[in-house]
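The values are calculated or read from the model by the stated rules, or taken from the named source; none is laboratory data. These numbers come from a predicted model, not from an experiment. Neighbour counts are summed over all protein chains in view; Cβ atoms, including those assigned to glycine, are modelled from backbone coordinates with ideal geometry. With ligands, DNA and RNA removed, areas are computed over all heavy atoms of the protein, side chains included. Shrake-Rupley method; radii C 1.70, N 1.55, O 1.52, S 1.80 Å.
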Amino acid sequence: MNSSFTGKNILLGISGGIAAYKAADLTSRLIKLGSNVKVVMTKNATRFIHPLTLESLSGNQVYHDTFQSTERYDIEHIALAKWADVFVIAPATANVIGKAACGIADDLLSTTILATEAKTIFAPAMNTVMYQKRVVQDNLKKLEDFGYVIIPPGKGRLACGDWGEGKLADVDDIISALEEILWEKKDLVGKRILVTAGPTNETIDPVRFISNRSSGKMGYAIAKACAIRGATVDLVTGPTSIDPPKGVNIHSVESAKEMYNTTIGLYSYSDIVFKAAAVADYRVQEVATDKIKKGSEPITLKLERNPDILLELGRTKKHQILVGFAAETQELEQYALRKLKDKNLDFILANDVSTKRSGFQSDFNQGILYCINGDVETIPLMDKEDFAHRIIDEVIKYI
Ligand code: PMT
């Protein structure tokens with residue numbers, strides 16, 4: 001469960017395009033995240049997806065016919081407009097975009113757009129030529145100037161067979177935009193934050209490397225949480241197979257040496273550093289230029305130490321707040337406190353990685369956050385996104 005969504009009222013407007021079917025997935029995801037969802041559909045939208053589907057998924061009546069309840073129509077759009085914490089129109093056709101840009105209110109959806117004071121998001125979806133038409137672009141620009149949020153469509157094969165811009169944005173992107181609006185604490189505005197995430201790969205030969213089990217999930221969750229809270233975020237990431245969060249500056253690296261150079265390069269601009277990466281402590285001393293051939297004899301790889309990035313950050317610290325991570329399977333407190341002192345940190349998160357339920361690769365984490373001033377905060381097992389916010393809540397007290 002993501003706390004940004006818990007108990008929040010999300011009004012979903014669906015207009016008539018083939019992408020209307022994706023609104024079902026969006027509704028289902030938002031309900032699973034803990035929000036309340038009500039749906040308003042245009043008459044055309046009901047021809048692409050049956051209101052019953054949305055009604056079943058949202059658990060609420062779907063509003064689709066202007067004269068569904070004639071005597072209540074005048075108040076219906078006002079009631080929905082007031083109910084919404086946020087209003088998202090997905091898919092938004094050229095027609096609904098044009099109406100909203102010109103203040104036309106001739107059905108329940110367009111009337112509700114005009115009547116609401118809730119932050120409103122448009123996720124356009126249409127044929128490429130339509131999308132690129134000057135009038136549609138002008139209307140989108142107008143909406144942006146009025147303070148509406150536009151989630152640009154993606155590129156790809158469209159239902160009409162054309163190839164290009166116009167595909168409804170990914171549901172993940174729509175959810176991220178909603179999350180950014182729903183998160184009320186914008187307490188990192190003006191801060192620049194450096195996050196490291198993922199493993200590093202240390203090359204053995206052109207086809208082999210040494211690495212570790214870090215998925216990048218923890219570091220990505222911290223980067224995302226900082227961005228949602230208003231910070232400018234630099235994410236230095238080792239190789240991962242997960243999508244990076246939106247709205248952060250991504251710096252992709254392979255090895256510990258590359259991570260060292262990139263991190264040190266960004267350090268002087270940063271106010272807070274979260275070092276969630278699992279950096280390889282050793283690299284192969286002599287990297288083979290060709291693939292090592294197997295034989296019957298054992299082979300020996302000589303390893304040499306990689307630079308300790310966090311140690312260097314601690315040594316050269318000026319105004320920055322340094323938050324280290326210590327992945328431990330035993331003696332959590334003792335090892336973490338040693339790193340806190342030795343690396344001149346402000347905080348260290350002693351990450352209990354002894355169980356599969358938390359730490360490496362899991363969607364969950366648990367640990368103890370130690371502050372150099374003696375404060376100790378135990379963070380129980382929770383979703384890594386909520387865990388990230390809990391760490392930030394503590395670190396922010398220190399600013
Ligand atoms: O990526 P996930 O699958 O989500 O998993 C998350 C995690 C378990 C990797 C993460 O929560 C975590 O605990 N990261 C730190 C893992 C680690 O390498 O700990 P360490 O005790 O080896 O290092 C201590 C600190 O020094 C870390 O902040 C590390 O980034 C840093 N370090 C270590 C070695 C090195 N050469 N340079 C460093 O900067």
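Overview of values
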item	result
Relative contact order computed over the chain (Cα-Cα under 8 Å; 6+ residues apart), in percent	11
Probe 1.4 Å, all protein chains present, accessible-area order of CYS226, CYS102, largest first	CYS102, CYS226
Sequence-distant residues sharing a close amide H with ILE321 (under 5 Å, placed H)	ILE272, VAL273
Amide proton proximity set for PHE209, modelled H, under 5 Å, gap of 5+	ILE204
Relative contact order (%) - the stretch 9-182, alpha-carbon pairs under 8 angstrom, separation at least six	22
Relative contact order of the stretch 192-398, defined on C-alpha pairs under 8 angstrom at six or more residues apart (%)	20
Kirkwood estimate for the stretch 9-182, i.e. one over the average of 1/r between Cα atoms, Å	15.8
Most mobile of ILE150, ILE292, ILE204 in a GNM of the chain (Cα contacts under 10 Å)	ILE292
Kirkwood-type radius of the stretch 276-399, with distances r between different C-alpha atoms, in Å	16.5
Distance between modelled label sites at GLU331 and LEU303, nm, 7 Å Cα→Cβ extension	1.9
Using θ = phi - 60° and Karplus 6.51 cos²θ - 1.76 cosθ + 1.60, couplings along the stretch 303-309 (whole Hz; Gly, Pro as x)	10, 10, 5, 7, x, 8, 4
³J(HN,Hα), Karplus 6.51/-1.76/1.60, whole Hz, each residue of the stretch 39-49, x for Gly, Pro	10, 10, 10, 7, 4, 5, 4, 5, 7, 8, 8
Exposure rule at most 13 other beta-carbon atoms within 10 Å, DSSP loop GluC sites (Glu not before Pro): the chain longest free segment	1-116
Other-chain or far-sequence residues with amide H under 5 Å of ILE150's (modelled H)	PHE122
Using θ = phi - 60° and Karplus 6.51 cos²θ - 1.76 cosθ + 1.60, couplings along the stretch 278-294 (whole Hz; Gly, Pro as x)	9, 7, 5, 6, 10, 10, 6, 5, 10, 6, 6, 7, 10, 4, 6, 7, 7
Cleavage-rule hits, trypsin sites (Lys or Arg not before Pro), the stretch 308-383, DSSP coil, Cβ neighbours within 10 Å at most 11	LYS318, LYS356
Set LYS291/LYS356; LYS224/LYS318; LYS119/LYS141; LYS217/LYS397 screened for pairs whose C-alpha atoms are more than 27 Å apart	LYS291/LYS356
Cα gyration tensor of the chain - equivalent ellipsoid semi-axes, whole Å, descending	47, 25, 19
Projected label distance in nm at ASP290 and GLU184, using a 7 Å step from Cα toward the beta-carbon	6.7
Share of carbon and sulfur in the accessible heavy-atom surface of the chain [1.4 Å probe, %]	50
Charge sum, other residues only, whose C-beta stays under 12 Å from ASP107's C-beta, Lys/Arg counted +1 and Asp/Glu -1	-1
